[in-house]
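**Student:** The following block contains the structure, expressed as structure tokens.
The values are calculated or read from the model by the stated rules, or taken from the named source; none is laboratory data. Just so we're clear, the structure is a prediction, and the values are computed from it rather than from any experiment. For neighbour counting, all protein chains shown are included, and Cβ atoms are generated from backbone atoms with ideal geometry for every residue, glycine included.
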Amino acid sequence: MSIEFSISDLASEFDLTTRAIRFYEDMGLLQPRRDGPAGRSRVYSARDRTRLKLTLRAKRLGLSLTEAREIIDIYDSPRDTGAQLGKFLSVLAAHRKALEEQMADLLANLDEVKTHEREARALLGKVAKPTRKA
């Protein structure tokens with residue numbers, strides 16, 4: 001007997017909207033079975049639940065949904081584990097490099113803001129000083 005979940009079950013468990021879950025389905029991350037009249041009811045397997053959990057973990061790491069799908073698909077395939085881990089490390093290294101570049105840009109921007117703040121305070125100090133009349 002396999003464990004099955006409705007879209008509402010997963011939405012509640014992961015604090016998502018059903019729309020978000022359908023979006024992940026459209027992106028190829030989830031593949032529920034269709035039941036009921038005209039196949040309107042989605043039935044998610046334990047595999048789908050795990051894929052959703054991994055998708056959300058990848059999203060928290062800042063990976064794109066495409067990157068998440070590639071990595072999750074690697075783990076779904078029966079291929080060599082070494083190749084899977086190599087791909088995962090490659091994606092993580094590229095993502096880390098992009099984050100480090102963003103961090104450097106943010107730090108440079110922050111330094112520039114601080115410089116402008118100092119200059120503005122100095123100018124304000126000159127403008128705000130009352131002039132003395134003799």
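**Student:** So in the range 24-33, with the set limited to residues that are touching a Lys or Arg at 6+ places or on another chain (Cβ under 8 Å) and charged (D, E, K, R), which one is surrounded by the fewest Cβ atoms within 10 Å (Cβ to Cβ)?
**Tutor:** If we take residues in the range 24-33 being touching a Lys or Arg at 6+ places or on another chain (Cβ under 8 Å) and charged (D, E, K, R), then Arg33 is surrounded by the fewest Cβ atoms within 10 Å (Cβ to Cβ).
**Student:** Between a residue in the range 29-55 that is over 13 Å from Ser6 (Cα atoms) and any residue that is part of a helix (DSSP H, G or I) and of a type in the set (D, E, K, R), which pairs come within a Cβ distance under 6 Å, given they are 6 or more apart or on different chains?
**Tutor:** Partner pairs satisfying both residue conditions: Leu29/Arg51; Leu29/Arg69.
**Student:** Taking the range 44-69 as the search range and keeping residues that are hydrophobic (A, V, I, L, M, F, W, C) and surrounded by 13 or more Cβ atoms within 10 Å (Cβ to Cβ), which one is farthest from the chain's Cα centre (by Cα)?
**Tutor:** Leu52
**Student:** Only one residue in Ile21, Ile72 is surrounded by 12 or more Cβ atoms within 10 Å (Cβ to Cβ), closer than 18 Å to Glu4 by Cβ and either out of contact with any strand residue (DSSP E or B) (no Cβ under 6 Å at 6 or more places or on another chain) or in the same structural domain as Ile3 (by TED's automatic domain parsing) (or both). Which one?
**Tutor:** Just a single option satisfies the conditions, and that option is Ile21.
**Student:** Give Gly125, Gly86 a once-over and let me know the one that is exposed (fewer than 10 other Cβ atoms within 10 Å of the Cβ), farther than 23 Å from Glu4 by Cα and not assigned by TED's automatic domain parsing to the domain that holds Ile7.
**Tutor:** Gly125
**Student:** How about the range 1-58: which of its residues are among the hydroxyl-bearing types (Ser, Thr, Tyr) and more than 19 Å from Arg69 (Cβ to Cβ)?
**Tutor:** Scanning the range 1-58 gives Ser2, Ser6, Ser8, Ser12, Thr17, Thr18, Ser41.
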